[in-house]
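Have a look at the structure below before the remarks.
The values are calculated or read from the model by the stated rules, or taken from the named source; none is laboratory data. Keep in mind the model is a prediction, meaning the values are calculated, not measured. Note that we place each Cβ from the backbone using ideal geometry, even for glycine, and neighbour counts take in every protein chain shown. Surface areas here come from the heavy atoms of the whole protein model, side chains and all, with no ligands, DNA or RNA. Shrake-Rupley method; radii C 1.70, N 1.55, O 1.52, S 1.80 Å.
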Amino acid sequence: MRILIVEDDPLLGDGLASGLSSLGFVVDWFRSGEEADRAVAEAPYEAIVLDLGLPGRSGLEMLARWQSRGQTIPVLILTAREALDDRVAGLDAGADDYLVKPIALQELAARVRAITRRARGRPETLWRHGALEYRPAAQSATWRGAAVDLTAREAMLLELFLANPGRVLSKQQIHDKLYGWGDELESNALEVYVHHLRRKFTPRIVRTVRGVGYALGAADEDEAGA
């Protein structure tokens, strides 16, 4: 899951970016609203963690700008402002959640996952696809009841396919979801990860659409009952 952090404090921003990355998120971090605005226009984020006290345009001003454009990325406000009026103003401005610093990293991660589940229209915490079961919060999967060991990138790719059943994703779309600014990517990395998923589950778990990209394969009933 690729998320955007907008936080001007260098120590806190770096800590949040590093900590959430270690929990399996793809994180881009910017320190001003203008930088974040440019990033939102270019990258397919699934959630934004937004500070209010930003240099230049405030977090509320950025939120209002995104709302006026019809931006649907869920936003979690993370701020030191704890007054009731501030919390109400943030939520009424369009934020999906509001947290007051300091916050435990695990709770922040859980709340980000929660707002993205609601945005996807998939509130359930266990996703099933034939014989495959996947828990997004833990990035863990089982196949025919047996645990499957996944790397963080393999889990993110599997989750992306499961979150988009019936949709063909281009290689560029997949890359933009799985990698942040500055991440290095080998030319055949995506093909390697797809091969790993097919080997660990079934060759039919990912369908190749030649000249376009990849899609989640059909959930075979015989596999579910095997």
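Just a few scattered comments:
- Condition broken by LEU16, with the remaining ones in (1) in a loop (DSSP other than H, G, I, E, B); (2) within 27 Å of ARG135 (Cα to Cα) satisfied: (1)
- Restricting attention to the range 173-223, the residues that are loosely packed, with under 14 Cβ neighbours inside 10 Å, modelled with pLDDT under 90 and part of a helix (DSSP H, G or I) add up to 2.
- Among the residues listed as GLY53, GLY70, the single one being touching a residue at least 12 places away in the same chain (Cβ under 8 Å) and part of a loop (DSSP other than H, G, I, E, B): GLY53
For (1) touching a Ser or Thr at 6+ places or on another chain (Cβ under 6 Å); (2) modelled with pLDDT under 95; (3) open to solvent by 70 Å² or more (accessible area, probe 1.4 Å), each residue gets a yes or a no:
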{"position": "VAL49", "(1), (2), (3)": "no, no, no"}
{"position": "GLY53", "(1), (2), (3)": "no, yes, no"}
{"position": "SER58", "(1), (2), (3)": "no, yes, no"}
{"position": "ARG69", "(1), (2), (3)": "no, yes, yes"}
{"position": "LEU76", "(1), (2), (3)": "no, no, no"}
{"position": "GLY94", "(1), (2), (3)": "no, yes, no"}
{"position": "ASP97", "(1), (2), (3)": "no, no, no"}
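- Residue check, GLU7 within 19 Å of the chain's Cα centre (by Cα) and open to solvent by less than 10 Å² (accessible area, probe 1.4 Å): yes
- Selection status of ARG135, closer than 23 Å to LEU108 by Cβ, among the charged types (D, E, K, R) and either modelled with pLDDT under 85 or open to solvent by less than 50 Å² (accessible area, probe 1.4 Å) (or both): no
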